[in-house]
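Encoded as structure tokens, the structure appears first; notes follow it.
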Amino acid sequence: MGVSGKRIVLGVTGGVAAYKAAVLTRELQRAGAQVQVVMTEAGTRFVGPATFQALTGEPVFVDQWDARIVNGMAHIELSRAADAIVIAPASADFIASLAQGRAGDLLATLCLARECPLAVAPAMNRQMWENPATQRNIQQLRNDGIEVVGPDSGDQACGETGMGRMLEPEAIVEALASWLSPKPLLGKRVLITAGPTFEPIDPVRGITNRSSGKMGFALAGACVQAGAEVTLVAGPVSLDTPWGVRQRINVQTAQQMHDAVHRQLDAAAHAAHPHDVFIAVAAVADWRPASYSDAKIKKTDAQSVPQLQFTQNPDILASVAARKPAPYCVGFAAESDSLERHGRDKLIRKGIPLLVANIGHETFGRDDNELLVLDGSSQTRLARAPKHELARELVHEIARRLDLPR
Ligand code: C5P
């Protein structure tokens with residue numbers, strides 16, 4: 001899925017960002033794609049074809065009249081073999097030629113002769129990007145069904161700061177993965193909680209659960225790739241928001257997470273576009289200190305230990321499952337024993353149709369995991385894999401149940 005197993009023609013045109021196309025080549029390969037590089041003459045002024053040839057192990061094509069293609073029709077041969085063409089960086093000039101359907105060089109001809117999807121990652125200085133001619137051309141590309149990825153804003157090679165920088169290679173790969181993935185959640189609204197909660201005792205202390213947030217964030221990214229509109233409510237974690245997530249709300253306590261979740265559900269219901277799915281991945285603290293001390297609790301002498309009283313936190317998942325109507329609710333469980341029995345108990349106790357249990361204890365902070373997916377009648381084991389891969393499998397498990405009668 002995504003770019004994995006895809007044959008991608010990477011077109012490199014003339015721009016300083018061409019040096020990043022070498023990193024992009026590597027990132028695409030790491031994501032499982034096979035990369036064939038085609039450059040414009042201007043592109044070769046910035047990075048030599050030998051760099052890409054060494055990275056891909058494939059000859060790099062520049063010239064329309066390249067004698068290495070036996071039938072003399074490099075544009076047909078190369079585009080026929082491709083699952084997608086990606087132009088990164090795409091210069092203002094190349095974008096203009098695409099918008100006009102010109103075939104001035106091999107890369108432009110290839111784009112014109114293609115049957116596969118085409119994406120461009122613009123890279124140019126701020127004035128060139130903002131120029132109405134470029135904006136017209138970009139609009140034309142969008143109208144023609146070409147995917148425009150970025151650009152980003154930030155420091156530019158010309159010394160200016162502004163819109164026009166090419167997206168970073170990792171972000172381009174994420175965007176392409178999303179664009180090329182099947183869309184089983186297209187048009188669906190998904191709300192996800194992730195990370196731990198933190199319940200303060202005083203200004204410097206608190207209790208929390210162990211959770212890196214990685215699984216929840218991976219799921220948010222996978223839902224975006226599956227076409228969903230995703231809102232992420234996150235406890236304190238140090239993770240970047242996955243590409244394409246519509247909104248991220250940072251919270252600290254369970255009560256704040258509960259309130260943020262219900263506010264989101266209410267607002268969407270009001271707008272007559274309610275959430276279809278709620279996925280509770282957060283490791284919510286079950287209790288919080290009954291009282292909060294505004295001042296740091298002093299350590300007076302070695303003998304006296306403060307007596308903390310606790311009070312129950314709201315069960316966010318159960319409260320969402322009890323709404324009428326409720327979104328399709330998915331819970332997570334970290335059990336230490338009798339996984340299936342405890343999992344089934346939890347399905348019933350929380351009133352939810354699907355529960356995902358971690359197999360094994362030490363999943364915290366790791367990049368891989370092993371899961372058991374339980375619904376009212378069946379169980380599916382998802383073998384150990386990186387969390388982002390498991391996330392994609394889980395999305396599939398969720399999506400195929402959405403259309404079943406509940
Ligand atoms: O009850 P337990 O903590 O084992 O249940 C775990 C599941 O319930 C997870 O999906 C977690 O996100 C959710 N949960 C919640 N609010 C709580 C406790 C757990 O949403 N207060």
Residue pairs qualifying under the 8 Å Cβ cut-off, at least six apart or on distinct chains, with the first in the stretch 253-266 being farther than 18 Å from V237 by Cβ and away from the ligand (no atom under 11 Å from the Cβ) and the second being hydrophobic (A, V, I, L, M, F, W, C) and not in a helix (DSSP H, G or I), are Q264/L191; Q264/V233; Q264/I249; L265/L191; L265/F278
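Has the stretch 14-27 got at least one residue that is aliphatic (A, V, I, L, M) and farther than 26 Å from M128 by Cα? Before the answer, list the steps.
First, pick out the residues of the stretch 14-27 that are aliphatic (A, V, I, L, M): 16-18, 21-24.
Next, from what is left, pick out any that are farther than 26 Å from M128 by Cα: none.
No, the stretch 14-27 has no match at all.
Would you check if G216 is crowded, with 24+ Cβ neighbours inside 10 Å and either part of a strand (DSSP E or B) or within 22 Å of the chain's Cα centre (by Cα) (or both)?
Values: crowded, with 24+ Cβ neighbours inside 10 Å: yes; either part of a strand (DSSP E or B) or within 22 Å of the chain's Cα centre (by Cα) (or both): yes.
Here the answer is yes, as G216 does meet what is asked.
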In the stretch 37-63, anything in contact with a Lys or Arg (Cβ under 7 Å, 6 or more places away or on another chain) and assigned to a helix (DSSP H, G or I) is listed as L55
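Within the group S238, S212, which residue is among the polar types (S, T, N, Q), in the same structural domain as D286 (by TED's automatic domain parsing) and in contact (Cβ under 8 Å) with a residue 24 or more places away in the chain?
Numbers: S238 fails: in contact (Cβ under 8 Å) with a residue 24 or more places away in the chain.
Selected residue: S212, the only one of S238, S212 that is among the polar types (S, T, N, Q), in the same structural domain as D286 (by TED's automatic domain parsing) and in contact (Cβ under 8 Å) with a residue 24 or more places away in the chain.
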Taking the stretch 326-350 and keeping residues at pLDDT below 95, more than 8 Å from the ligand (Cβ to nearest atom) and outside any helix (DSSP H, G or I) leaves S336, D337, S338
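Give the number of residues within the stretch 267-289 that are farther than 16 Å from Y328 by Cα and more than 16 Å from the ligand (Cβ to nearest atom). Give the steps one after another, and end with the answer.
We begin by selecting, within the stretch 267-289, every residue farther than 16 Å from Y328 by Cα; these are 267, 270-272, 282-289.
Remaining after also requiring more than 16 Å from the ligand (Cβ to nearest atom): 267, 270-272.
Residues meeting the conditions: 4.
Rundown of residues vs (1) more than 16 Å from I172 (Cβ to Cβ); (2) in contact with an Asp or Glu (Cβ under 8 Å, 6 or more places away or on another chain); (3) among the charged types (D, E, K, R); (4) not assigned by TED's automatic domain parsing to the domain that holds I85, yes/no style:
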{"site": "A17", "(1), (2), (3), (4)": "no, no, no, no"}
{"site": "T25", "(1), (2), (3), (4)": "no, no, no, no"}
{"site": "A42", "(1), (2), (3), (4)": "yes, yes, no, no"}
{"site": "G48", "(1), (2), (3), (4)": "yes, no, no, no"}
{"site": "L55", "(1), (2), (3), (4)": "no, no, no, no"}
{"site": "E58", "(1), (2), (3), (4)": "yes, no, yes, no"}
{"site": "V62", "(1), (2), (3), (4)": "yes, yes, no, no"}
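Here is a list: L186, L141. Which entry is surrounded by 15 or more Cβ atoms within 10 Å (Cβ to Cβ) and not aromatic (F, W, Y)? Spell out the reasoning first.
Numbers: L186 fails: surrounded by 15 or more Cβ atoms within 10 Å (Cβ to Cβ).
Going through L186, L141 in turn, the sole match is L141.
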Checked against (1) under 24 Å from the mean Cα position of the chain (by Cα); (2) more than 15 Å from the ligand (Cβ to nearest atom); (3) of a type in the set (V, I, T), T300 satisfies every condition except (1)
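Name the residue, out of L390, L354, L402, that is under 18 Å from the mean Cα position of the chain (by Cα) and either β-branched (V, I, T) or closer than 23 Å to L186 by Cβ (or both). Lay out the reasoning, then the answer.
Values: L354 fails: under 18 Å from the mean Cα position of the chain (by Cα); L402 fails: under 18 Å from the mean Cα position of the chain (by Cα).
Result: L390 is the single residue among L390, L354, L402 that is under 18 Å from the mean Cα position of the chain (by Cα) and either β-branched (V, I, T) or closer than 23 Å to L186 by Cβ (or both).
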In the set E393, E397, the lone residue that is modelled with pLDDT under 95, outside any loop (DSSP other than H, G, I, E, B) and surrounded by 15 or more Cβ atoms within 10 Å (Cβ to Cβ) is E393
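The values are calculated or read from the model by the stated rules, or taken from the named source; none is laboratory data. Only a predicted model underlies this, so the values are computations on that prediction, with no experimental measurement involved. No Cβ is skipped: glycine too gets one built from the backbone with ideal geometry, and neighbour counts run over all protein chains shown.
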